[in-house]
Amino acid sequence: MPVFEGILPAIVTPLDANERFNRTAFERLAARVYAAGVDGLYVCGQTGEGWVQSIEQRKAVAEAAVHASPAGKTVIIHIGAASTAQSIELARHAARVGAHAVSSLPPPGAYSFEEIRAYYRDVAAASETPFLIYYFPSLAPALNTTARMLELCSLPNVAGLKFTDSNLFRLWELRRSGAVVFNGSDEMLAAGLLMGANGGIGSIYNLLPAEFAGLYSNASAGRWEQARQLQSAINEVIRVILQFPVFPAVKATLGFTGLDCGPCIAPRRGLTEEELAELRRGLLATAAGARLLAS
Ligand code: MN9
């Protein structure tokens, strides 16, 4: 089994004005985060706008992610889609192009726990790579108990999950069962690692990859005070980002650093000129944000 640990940016999918994949910008962003010391990529998730891209475009992004990743790095492709059949098609493709694992949010819609479990059972069984559930109870309230999550983690070929929740006791309980757990709330990464997470996957890692990699290496070495201080520096930036729609704000911030990632996919709106100015001002007022914008 591949090593599932460390810092994996939920990489954004750069687009052109017509919402087509901008592979050149994607490669530049991948090179930038790898140079900062991250351990792999999480591709076409929520941040990567996988759900709202065509299947063909998602395959192109997956292929580019593997291609842009040096040996020893971990590439996880989010293959969640509207139907079991589409997810299986994407999972098979991900394995074929050389991804190390696949991962999925629950199917979008008001499904029962039984339906969600059947989805995970069928997609994980058809996947030729290990599978990571994407646990995000505010999107799928049917999953919101520890017992249900433990049941999903025990399905064949499920290695663990990405945990986007603030119930860190539950994170600990899932780790205790032997599941691999990636922390999903960037603003609480240090706390998630303290409770036993194997690493983290997140959108703000696109912006501050060196800070997140530093936080992780300090935490791994038991230097919790240094980890906590890096978390505080990161959270000053997250406070600013969260005043806007998150994914457009992340893309806009990358744009401020000379890496044009285009719009988010409609109906997700972009930031107004006024908001862009406000975002820039807010970032410049933080230490890590000012460093980022000067780079
Ligand atoms: O799980 C991301 N959460 C969502 C990953 O997509 C809802 C996080 O990386 C957040 O964007 C981040 C900011 O709140 O923690």
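Residues whose amide H lies under 5 Å from that of residue 41, counting only those 5 or more places away or on a different chain, are 74, 75, 76; hydrogens are built 1.01 Å from N in the peptide plane. Beyond 27 Å, what percent of the Cα pairs of the stretch 1-147 remain? Tail of P(r) above 27 Å: 19 percent of Cα pairs.
Toward the positive end of the charge dipole of the stretch 129-230, with +1 on the Cβ of Lys and Arg and -1 on the Cβ of Asp and Glu, the farthest Cα among 146, 219, 206 is that of 146.
Span-like helices, the chain: DSSP H, alpha-carbon axial extent 24 Å or more, mean Kyte-Doolittle -0.5 or greater, which ones?
On the way: long enough: 224-241 (25 Å, -0.13).
Membrane-span-like by this rule: 224-241.
The order of 19, 128, 211, going from fewest to most other C-beta atoms within 10 Å of their C-beta, is 128, 19, 211.
When only Cα pairs below 8 angstrom with a gap of at least 6 residues are kept, the chain shows a relative contact order of 19 percent.
Based on DSSP, what percent of beta bridges with both residues in the stretch 6-221 are antiparallel, to the nearest 5? Walk me through the numbers before you get to the answer.
Numbers: 1 of 28 bridges.
Here the antiparallel bridges make up roughly 5 percent for the stretch 6-221.
Panel note: the C-alpha atoms of the stretch 185-295, placed on their principal axes, show extents of 43, 28, 21 Å (largest first).
Give the order of 195, 149 when sorted by the count of other beta carbons within 10 angstrom, beginning with the fewest.
Details: 195 19, 149 23.
Ordered by Cβ neighbours within 10 Å, fewest first: 195, 149.
Calculate for the chain the 222 nm mean residue ellipticity that helices alone would give, adding -39,500 (n - 2.57) per DSSP H run of length 4 or more and normalising by residue count, nearest 500 deg cm²/dmol.
-14500 deg cm²/dmol
Phi angles across the stretch 36-53 convert, under the Karplus curve 6.51 cos²θ - 1.76 cosθ + 1.60 with θ = phi - 60°, into 3J(HN,Hα) values of 7, x, 6, 9, x, 9, 10, 10, 6, x, 5, 4, x, 6, x, 4, 9, 9 Hz, Gly and Pro given as x.
Put the Cα centre of the stretch 27-97 next to the Cα centre of the stretch 136-194 and the gap is 21 Å.
By per-residue mean of other Cβ atoms within 10 Å, what is the highest-first order of 230-237, 22-29? Mind dumping the intermediate values first?
Details: 230-237: 20.0, 22-29: 18.1.
Per-residue mean Cβ counts within 10 Å order the peptides as 230-237, 22-29.
Convex hull volume per residue, computed on the Cα atoms of the chain, equals 117 Å³.
Give the order of 276, 143, 174 when sorted by the count of other beta carbons within 10 angstrom, beginning with the fewest.
Working: 276 18, 143 22, 174 25.
Ordered by Cβ neighbours within 10 Å, fewest first: 276, 143, 174.
Every number in this text was worked out from the coordinates using simple rules, so none of it is lab data. Remember, it's a predicted structure, so these values are computed and weren't measured experimentally. Heads up, the Cβs are rebuilt from the backbone with ideal geometry, glycines too, and the neighbour counts pull from every protein chain shown.
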